[in-house]
Each structure stands twice: as structure tokens, then as C-alpha cells.
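Here's the structure we're looking at; comments come further down.
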Amino acid sequence: MCYFVTIDGREFEVKIGLDGVCVDGQELQVSLESSGATTAHSLLVGSQAHKILADRGANGEWSLHLDGLLLKAEVIDGRTRAIRDMSHATVVQGPEPVVAPMPGMVVKVEVKEGDRVESGQGVIIVEAMKMENEVRAYSGGLVTRVHVKEGEAVEKGQILVDLGPLKASGAHDDTC
């Protein structure tokens with residue numbers, strides 16, 4: 001199983017297999033033992049022992065007390081990361097149509113024609129493999145057409161929402 005762990009802005013790739021753990025390509029001998037129903041664990045990395053308290057939050061967030069040091073970590077699996085990469089906005093010039101990053105079923109349409117959307121704003125919720133995924137606008141713009149409705153099946157790459165340029169609200173230009 002592959003996980004991506006982010007601590008203090010630094011990301012680590014962690015692979016857990018039958019033979020051990022590999023962190024960013026470095027194989028480690030690791031043993032983790034739980035002390036019953038509590039969040040306390042004994043972590044052995046090589047020959048070094050550590051006491052760790054682990055509290056799981058929402059959306060893959062963890063609070064870790066490692067030898068008295070508090071660490072905040074985000075842990076996501078490889079599949080979740082791939083879906084995030086497909087659905088998060090990227091910087092582009094001008095309005096781009098919003099397309100389905102994977103096949104699925106439209107659960108919710110969050111915009112209508114005439115709505116103004118910002119880059120990165122969620123516009124459609126698509127369910128794929130029993131998970132709801134927010135599809136975001138790649139760029140800001142004005143919704144000119146919504147091509148789908150709730151309950152409709154979509155294919156990867158299908159246009160969901162067309163965006164056009166934002167209409168000027170005044171005669172002056174505030175850009176630098």
C-alpha cells in the first residue's frame with residue numbers, strides 16, 4: 001500500500017509491504033505495537049524506540065505526539081492523491097470548460113448559467129467508485145452553459161460546464 005504523508009509542508013512517499021516499510025525510497029525496519037484501546041503506540045525504527053500518540057482527525061489529518069513533540073500530518077493513499085490531482089485546479093489563461101476527470105454519476109450541480117466562478121471553485125460533484133469527488137473550475141469565468149444534470153452518467157473528458165469571459169462591470173480597468 002502506498003501513502004503520501006505531509007508534515008510541515010514536506011511530503012514523504014511511504015510504501016508499506018509484507019517485507020517492511022519504504023520511505024522516499026529508503027527501506028526501514030519498522031515495528032508498531034498498540035497498547036490496547038488507547039492511542040498510545042510503541043514505534044521501533046531500526047534499533048530506536050519511540051513513544052507515539054496518534055489521534056486521527058478528518059480528511060486524513062493526524063495529530064502525532066512523537067517523543068513529546070507535536071506534529072500535524074496529512075496522510076492520503078495513492079488513489080486519493082490521483083483523484084485530487086485530477087480534480088484540483090491548475091493555473092491557465094482564460095476560461096476553460098470544466099470536464100469530467102473520470103467516469104461517474106453526477107450527484108450535484110453547484111452552478112447555473114450566469115453564475116460567476118473563481119479558479120478552483122467546485123462546480124459539480126461526481127460519484128465514482130462509491131466516492132464523491134468535487135470537480136473544480138480550472139479558471140475563473142462566467143457559466144455560459146451547464147451540460148449535465150443530477151443523476152446523469154458522465155464519461156472521462158466529457159464537458160460538464162462551459163465558461164466564458166467575465167463581463168466588465170464598469171468602464172475603467174483596474175488591472176496593473
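Taking the listed residues Ala168, Ala89, the one that is at pLDDT below 90, within 28 Å of Ile7 (Cα to Cα) and among the hydrophobic types (A, V, I, L, M, F, W, C) is Ala89, with no other qualifying. Scan segment 133-149 for residues that are of a type in the set (Asp, Glu) and surrounded by 19 or more Cβ atoms within 10 Å (Cβ to Cβ) and the total you get is 0.
Table: residues versus (1) closer than 18 Å to Arg84 by Cα; (2) more than 20 Å from the chain's Cα centre (by Cα); (3) of a type in the set (A, V, I, L, M, F, W, C).
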residue	(1), (2), (3)
Gly104	yes, no, no
Glu110	no, no, no
Ile124	yes, no, yes
Ala137	yes, no, yes
Gly151	no, yes, no
Gly157	yes, no, no
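Within segment 33-56, the set of residues being of a type in the set (A, V, I, L, M, F, W, C) and either at pLDDT 80 or above or assigned to a strand (DSSP E or B) (or both) comprises Ala40, Leu43, Leu44, Val45, Ala49, Ile52, Leu53, Ala54. Assess whether Glu13 counts as being at pLDDT 85 or above, within 30 Å of Leu160 (Cβ to Cβ), outside the structural domain of Val154 (by TED's automatic domain parsing) and surrounded by 11 or more Cβ atoms within 10 Å (Cβ to Cβ). Judged against the criteria, Glu13 is not a match.
The values are calculated or read from the model by the stated rules, or taken from the named source; none is laboratory data. All of these numbers come straight from a predicted model, not from anything done at the bench. When we count neighbours, we look across all protein chains shown, and the Cβ atoms used for this are built from the backbone with ideal geometry, even at glycine.
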